[in-house]
Amino acid sequence: MSLFRSITRLWTNSQCKAAHTHKVAFYSAVCDRPEDHHTPEIDLRLNSIRTALKDLGDGTVTLSLPNAVGDGNPKATDDTSRSPESVVQSNKIAMISISNPGGRNSLSGKMMCELADAVDVLQAWEGGAGVVLHGENGFFCAGADLKVAAQHMLGPSENGMGEEMSYLMHHTTSRLRALPLISVAAIEGAAVGGGAELATACDFRVMAKDSYIRFVHALLSVVPGWGGGTRLTKIVGRRDALRIVCTADKIHADQAMAFGLCDEVVETSTDTVKVATGFLQKLTANSTAATRALKTVVSQADDDAYRPSLNHEHDVFSRMWGNKASAEQIGKGGASARKGD
Ligand SMILES: CCCC(=O)SCCNC(=O)CCNC(=O)[C@H](O)C(C)(C)COP(=O)(O)OP(=O)(O)OC[C@H]1O[C@@H](n2cnc3c(N)ncnc32)[C@H](O)[C@@H]1OP(=O)(O)O
């Protein structure tokens, strides 16, 4: 009997079916494959989180698509090589721009919802092959907006809000990672805390020479809350992931390259988006249908241990976020309160 037929027979026996059902229920707690994402319970929970977060804080996350800019309001910029219009001119590459000028592009509740909206649109975009994710004004992202967090996610009446924020961001970053598009994070300045986690949701990272990635969570007495612990481990492996998260050190572009966390270093930081787009153009030069199919094949092959690990990460984060030690650090401004570290 062929191996395939033996496996098929084993799979269809009732014991195996029961185990499979159990596994599916476990995996779907936070994050399943995008095509499994729409159970009524998950939708209900996500919708109520989005309703609770959508008016919290400022900033914008803007999606620019070829021939149709996401919010209908392309931003004016003097440097045309960095504009959403020039990136999307390639016709099959979109761009997500993060902007929160008062908070180093940290994500407010409003921005988390806009990021989820952007991924919704990208999931439905059949003609696309790639997406660049970047932060405006020379900085990638400083993680969660701590002013919003301190105000709305730490008090006794908002106990569950940190967990809900983590649930939404796990869901969004996992959907971003699973898109049938090749994704590249263009990192200028720094990717800090949740910003570092966001960078790991992309397939590749292109970093300006003077930029860095910093998992600051240990300084805040928490673990990553947006799925970045699991993804970092998949990218750099167990030992380097432990070094990165436990020390909370800044990982500069050259070091990130040595860790395998960065795919290209850009000498002149203002060229980062341009280089990231060129990087993506090379990967998406063949047929769009093939690129999309290949992304799903590689992504699926890579994801066996991803979903259960994410659920564990989310549970640990939810227990730690807002406890005495983390609330104190978050209230003080997060890692910036410990700049000397
Ligand atoms: C599950 C998600 C977990 C998380 O993401 S928790 C958040 C983790 N992130 C942090 O702890 C980052 C804290 N910030 C920093 O370490 C530094 O500000 C950072 C990002 C390295 C930038 O340093 P600098 O370039 O020297 O700029 P700076 O410190 O003067 O900051 C400029 C203004 O931005 C603000 N800012 C920076 N990060 C923020 C954040 N995450 N939330 C809200 N506001 C934030 C900062 O307070 C400052 O504001 P202001 O000008 O003093 O009014």
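The values are calculated or read from the model by the stated rules, or taken from the named source; none is laboratory data. None of the values given here were measured: they were computed from a predicted structure. Note: ideal-geometry Cβ built from the backbone for every residue, glycine included; neighbour counts use all protein chains shown.
For region 207-218, give me each residue that is in a helix (DSSP H, G or I) and either polar (S, T, N, Q) or more than 7 Å from the ligand (Cβ to nearest atom) (or both).
Here is the first cut: in region 207-218, the ones in a helix (DSSP H, G or I) are 217-218.
Scanning region 207-218 gives a single hit, ALA218.
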Check: What number of residues in region 181-197 are outside any strand (DSSP E or B) and closer than 18 Å to PHE279 by Cβ?
Finding: 2
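For every residue, the table says whether it meets (1) more than 20 Å from the chain's Cα centre (by Cα); (2) within 16 Å of the ligand (Cβ to nearest atom); (3) assigned by the TED database to the domain that holds ALA248; (4) surrounded by fewer than 16 Cβ atoms within 10 Å (Cβ to Cβ).
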{"residue": "LEU294", "(1), (2), (3), (4)": "yes, no, no, yes"}
{"residue": "ASN311", "(1), (2), (3), (4)": "no, yes, no, no"}
{"residue": "HIS314", "(1), (2), (3), (4)": "no, yes, no, no"}
{"residue": "ALA327", "(1), (2), (3), (4)": "yes, yes, no, no"}
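What do you reckon, is GLY333 within 16 Å of the ligand (Cβ to nearest atom) and either surrounded by fewer than 21 Cβ atoms within 10 Å (Cβ to Cβ) or at pLDDT below 95 (or both)?
Details: within 16 Å of the ligand (Cβ to nearest atom): yes; either surrounded by fewer than 21 Cβ atoms within 10 Å (Cβ to Cβ) or at pLDDT below 95 (or both): yes.
Here the answer is yes, as GLY333 does meet what is asked.
Right, ILE235: closer than 20 Å to SER183 by Cα and either at pLDDT 95 or above or in a helix (DSSP H, G or I) (or both) or not? Spell out how you get there, then give the answer.
Values: closer than 20 Å to SER183 by Cα: yes; either at pLDDT 95 or above or in a helix (DSSP H, G or I) (or both): yes.
Judged against the criteria, ILE235 is a match.
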Check: Restricting the first residue to region 103-128 and requiring it to be more than 21 Å from ASP55 (Cβ to Cβ) and in the same structural domain as ALA149 (by the TED database), which pairs with a second residue that is within 16 Å of the ligand (Cβ to nearest atom) and among the hydrophobic types (A, V, I, L, M, F, W, C) meet a Cβ separation below 9 Å and a spacing of at least six or different chains?
Finding: ARG104/PHE139; ARG104/PHE140; ARG104/CYS141; ARG104/ALA142; ARG104/ALA190; ARG104/VAL192; LEU122/LEU176
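One line per residue, one yes/no per condition, for (1) without any contact (Cβ under 8 Å) to a residue 60 or more places away in the chain; (2) under 21 Å from SER97 (Cβ atoms); (3) aromatic (Phe, Trp, Tyr):
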{"site": "ILE182", "(1), (2), (3)": "no, yes, no"}
{"site": "ALA208", "(1), (2), (3)": "no, yes, no"}
{"site": "THR230", "(1), (2), (3)": "no, no, no"}
{"site": "ILE251", "(1), (2), (3)": "yes, no, no"}
Next item on the list: Could you tell me which residue of region 105-131 is farthest from PHE204 (Cα to Cα), considering only residues that are more than 16 Å from the ligand (Cβ to nearest atom) and touching a Ser or Thr at 6+ places or on another chain (Cβ under 6 Å)?
Entry: VAL119
Check: Would region 266-283 turn up any residue that is crowded, with 16+ Cβ neighbours inside 10 Å, over 30 Å from GLY138 (Cβ atoms) and at pLDDT 95 or above?
Finding: no
Margin query: I need every pair where a residue in region 191-203 that is acidic (Asp, Glu) has its Cβ under 6 Å from the Cβ of a residue that is within 9 Å of the ligand (Cβ to nearest atom), sequence separation at least 6 or different chains.
Written below: GLU197/PRO224; GLU197/TRP226; GLU197/GLY228
